[in-house]
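Structure, as structure tokens:
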Amino acid sequence: QVQLVESGGGLVQAGGALRLSCAASGRMFTIITMRWYRQTPGKQREAVATMTSGGDTNYADSVKGRFTISRDNAKNTWYLQMNGLKPEDTAVYYCNADLNLVVLGRVNNYWGQGTQVTVSS
């Protein structure tokens, strides 16, 4: 069974930095696209950063120049480095991925459990 496990959230002052990690575990899969989303109460989940298997990246305008998505293929892990954090970045952050399940021959979408990021002013 494939699952995504996040880590790295917490409380930080405005201007500070955090790095989130998302590790995919299970058997016989390859990562096609990896993403980070965030959600605040009463709002829709917002895509923050995306990276394809080819390394192409895309960022929400609100985080461009401050957040960086990266990956460690050997560990099936991707990261969100968040610098210059602002109070408006406070949210629950979720990792998400399209994984090719090699044995089953299909692509499934998976979500992490979410991690709270709180930025104090």
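The values are calculated or read from the model by the stated rules, or taken from the named source; none is laboratory data. Note that the structure is predicted; figures quoted are calculated from it, not measured. When we count neighbours, we look across all protein chains shown, and the Cβ atoms used for this are built from the backbone with ideal geometry, even at glycine. Ligands, DNA and RNA are stripped out before the accessible areas are found, and what is left, the full protein with its side chains, is counted by its heavy atoms. Shrake-Rupley method; radii C 1.70, N 1.55, O 1.52, S 1.80 Å.
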For residue 77, the lone unmet condition from (1) within 14 Å of residue 19 (Cβ to Cβ); (2) among the β-branched types (Val, Ile, Thr); (3) touching a residue at least 60 places away in the same chain (Cβ under 8 Å) is (3)
Restricting region 53-82 to residues that are closer than 16 Å to residue 112 by Cα and under 12 Å from the mean Cα position of the chain (by Cα), the one most open to solvent (accessible area, probe 1.4 Å) turns out to be 71
Residue 28 passes all but one of the listed conditions (1) open to solvent by 70 Å² or more (accessible area, probe 1.4 Å); (2) within 20 Å of residue 120 (Cα to Cα); (3) among the aliphatic types (A, V, I, L, M); the exception is number (2)
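Against the condition farther than 23 Å from residue 16 by Cα, among the hydrophobic types (A, V, I, L, M, F, W, C) and open to solvent by less than 70 Å² (accessible area, probe 1.4 Å), how does residue 85 come out, does it pass?
No; evaluated as a whole, the condition is false for this residue.
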Taking the conditions exactly as written (out of contact with any strand residue (DSSP E or B) (no Cβ under 8 Å at 6 or more places or on another chain) and either open to solvent by 60 Å² or more (accessible area, probe 1.4 Å) or under 29 Å from residue 103 (Cβ atoms) (or both)), does residue 42 satisfy them or not? yes
* Asked: In this structure, is residue 37 crowded, with 20+ Cβ neighbours inside 10 Å, at pLDDT 95 or above, out of contact with any Ser or Thr (no Cβ under 8 Å at 6 or more places or on another chain) and not in a loop (DSSP other than H, G, I, E, B)?
  -> yes
Being surrounded by 14 or more Cβ atoms within 10 Å (Cβ to Cβ), more than 14 Å from the chain's Cα centre (by Cα) and under 13 Å from residue 37 (Cα atoms) narrows 50, 90 down to just 90
_Condition met for residue 96 (open to solvent by less than 20 Å² (accessible area, probe 1.4 Å), of a type in the set (S, T, N, Q) and modelled with pLDDT of 95 or more)_ = yes
